[in-house]
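Reading through the structure tokens given below for one structure.
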Amino acid sequence: ASLLMTSNDYGVHVTVQQAKHLPTVCSSTSDNKSIPPNAYVLYRWYNQRVTTHTIRSSVAPAWHHSRMCTMPLDVTAGMEPGKHPLKRALEFRVYHKVLQVSDGNVNGGDLLIGKADVDLSPLLYTGFEELNGWYHVGAPH
């Protein structure tokens, strides 16, 4: 993530490159065998909900996703201390997209594989312009 500020808004440039060693998931078919997930990432910034595209059948998906997310500066004016979005973590959630086809009908549902939190406060306090790294996708609680 990198931070950009203009006179009117904060901009956070978010990049989701890839994951490695995702766990397999239980097949939705009657055989219940273990299969690689159909993985995608969901994250939220301010009032924006952003998802990557789905990579099918991979424990090491590469999304190469990049998005500029913005938030008006005036939104933060009345916030309580500690509530500023850059003082919190940006939560990334990794999901398995479930598609079950039977009799021509498609029933979908998503399974949370895990999540990773990225602390954005170094962008605000340390002068860092970017945060790059690998983040552990922990099991959901």
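Can you give the net charge of the other residues whose Cβ lies under 12 Å from the Cβ of His13, counting K and R as +1 and D and E as -1?
-1
Residues with beta-carbon under 13 Å from that of His53, excluding His53: net charge, scoring Lys, Arg +1 and Asp, Glu -1?
Charge balance near His53 sits at +3.
Can you bin segment 14-65 into rounded, prolate or oblate? Criterion: square roots of the alpha carbon gyration tensor eigenvalues sorted a ≥ b ≥ c, rounded for a/c under 1.5, prolate for a/b above b/c, oblate for the rest.
prolate
Under a crude label model (7 Å from the Cα following the beta-carbon direction), how far is Leu42 from Leu112 in nanometres?
0.9 nm
We did not get these values from a lab; they are worked out from the coordinates using the rules stated. This is a predicted model, so every value here is computed, not measured. Here the Cβ is made from the backbone with ideal geometry for all residues, glycine too, and neighbour counts use every protein chain on show.
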